[in-house]
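The values are calculated or read from the model by the stated rules, or taken from the named source; none is laboratory data. These figures come from a predicted structure and were not determined experimentally. Virtual Cβ from ideal backbone geometry, glycine too; neighbours counted across all protein chains shown.
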Amino acid sequence: MKFSLGRCTLSGMSRGIKERVQGVSIGVRLGALMVVMLTFVLAVVGLGSILLQRRHMKATVHRETQRLAESLETTLRAQMLQGHTQIGDSVARITRTGGVETVTLTNHQGTIRYATNQGLVGRRVDRSDSSCSFCHIGGGKAPRSRSSHGAIVRDRPDREISTAIIPIYNAPKCSNAPCHVHRKGQTVLGVLTLEVPYRESAQSIRSFRNWLLILSVGLSVLLFVAVVLLLQRWVTRPVAALVAGTRTVADGDLSHNIPVGNAELGALSQAFNQMQEKLRTSQQQLVVQEMLASMGKLAAGVAHEINNPLTGVLTFAEDLYEEADADDPLREDYEVILNETLRCRDIVKNLLDFARQSGPRQQKLHLLEVLGRPLRLVRKHADFHGVQIVVEVSEDLPAVRGDSSKLQQVILNLLINAAQAMPDGGRLTVTGHHDEATGKVCLEFTDTGAGMAPEVLERVFEPFFSTKDDRGSGIGLAVSRSIIDQHGGALVAESKLGQGTTFRIELDSTP
């Protein structure tokens with residue numbers, strides 16, 4: 001039980017640590033990772049640099065120690081050949097100028113004859129001492145006649161001292177000198193030992209190491225702050241905006257756009273906005289489809305309930321209008337009844353057409369021919385009094401595929417809307433052109449009316465939305481766009497207040 005409790009406790013602690021780590025922002029985590037990597041690189045480079053410097057420093061000290069030893073040995077030999085037995089001045093001079101700490105001169109019997117430390121003079125050294133290694137290998141009794149090499153340089157890292165041991169041989173010039181007191185057969189007269197400290201150089205390397213450590217820590221801290229700030233700007237904030245955007249979309253708000261930045265996150269933000277726009281369009285299409293389904297049921301009920309009595313009213317109205325004399329004062333009232341009944345019938349028909357959404361009968365068409373019949377119908381329409389119609393459609397426009405009657409319905413609706421937007425008269429221009437880049441055949445209807453405000457332009461294709469008060473049902477443009485969508489094209493509106501309105505039909509050309 002205790003073991004199980006301990007495992008549960010450790011598991012809970014690990015989960016808590018994991019949750020806290022996951023709660024840290026990506027910028028902080030990336031910054032910490034980069035700092036750890038940089039610190040590791042700096043540590044490796046710094047350690048390698050220090051080791052190389054230390055090795056180079058020791059090699060330099062060893063060469064300098066050997067050079068000083070050889071120089072002192074040469075000087076002492078020359079002085080002894082000249083009969084000078086007081087060598088203290090020469091040793092002191094080299095000690096001062098060469099940075100030598102101690103000098104020891106030992107004769108072939110192992111007795112220290114000279115030392116900068118006067119307390120060592122007269123002492124004997126054991127054959128196992130390093131200064132006897134030239135003659136006695138491993139401290140043996142049988143001496144060697146000559147070493148195979150010159151000075152031996154050894155290092156004492158515990159005291160940070162470089163030691164040079166150089167033998168003094170009995171050369172012919174020395175053994176034949178009148179002052180010579182040694183036998184001619186004696187090979188080694190003594191050993192000269194120098195100790196050169198390198199504490200200052202080692203201390204410099206340690207200071208460099210400490211400085212490098214402080215610099216590395218400082219650079220790591222500065223880099224961490226800089227990386228976190230840059231990642232906060234380039235990564236954390238854009239990612240947070242994306243997260244906020246996804247949550248907003250999840251809550252049902254499709255109007256929120258994420259600011260587009262640069263590089264990959266900018267492309268991701270742009271892709272998210274495009275996805276959101278498509279979602280918004282899909283949602284609007286779903287709403288329209290739901291409205292269409294509801295209107296289909298409503299239109300069927302309206303047609304069933306209204307068409308029969310409406311037909312009776314229309315029949316009696318026509319009879320009253322036709323039987324009334326020309327000078328009958330009620331004839332005008334009968335005409336009003338007849339026209340309003342016809343208007344009611346058209347509204348019901350539009351509802352049925354909008355709800356039915358039957359597919360177009362595809363055939364090859366030329367827009368100039370499709371445009372002809374609607375233009376002939378509207379020229380005598382009351383709304384077109386004072387409206388100048390200008391047609392600028394070329395006969396060599398590429399053909400399109402579609403349903404002639406449905407396209408004529410759309411064109412007729414756009415012509416009437418343009419005329420009603422100019423109650424005091426104006427100019428209606430119908431132009432057609434072929435966009436070779438997209439392969440679209442475009443038909444534009446431009447009026448010189450009052451134009452529309454942006455908020456009105458956004459809703460102009462919504463079902464039942466109308467700016468004509470009681471003159472319109474708000475179905476015409478919704479039906480027109482639905483027909484053009486069925487043709488695989490687009491119906492676009494452009495307008496500015498005081499500058500008129502343009503409706504553009506875009507259809508794919510066909511060979």
Looking at segment 202-226 only, could you name the residues that are of a type in the set (Ser, Thr, Tyr) and surrounded by fewer than 16 Cβ atoms within 10 Å (Cβ to Cβ)? Ser204, Ser207
Among the residues of segment 443-465, is there at least one that is free of Cβ contacts under 8 Å to residues at least 24 places away in the same chain, assigned by TED's automatic domain parsing to the domain that holds Ser404, at negative phi and more than 44 Å from the chain's Cα centre (by Cα)? yes
Going by the structure shown, is Thr438 exposed (fewer than 12 other Cβ atoms within 10 Å of the Cβ) and either within 47 Å of the chain's Cα centre (by Cα) or part of a loop (DSSP other than H, G, I, E, B) (or both)? yes
Going through segment 376-432 one residue at a time, which ones are without any contact (Cβ under 8 Å) to a residue 24 or more places away in the chain and among the aliphatic types (A, V, I, L, M)? Ala382
Taking Leu76, is it modelled with pLDDT under 75, in a helix (DSSP H, G or I) and within 30 Å of Arg199 (Cβ to Cβ)? yes
Quick one: count up the residues across segment 493-511 that are in a loop (DSSP other than H, G, I, E, B) and within 40 Å of the chain's Cα centre (by Cα). 1
Just checking, does segment 429-449 include any residue being touching a His at 6+ places or on another chain (Cβ under 7 Å) and either over 30 Å from Lys364 (Cβ atoms) or not hydroxyl-bearing (Ser, Thr, Tyr) (or both)? yes
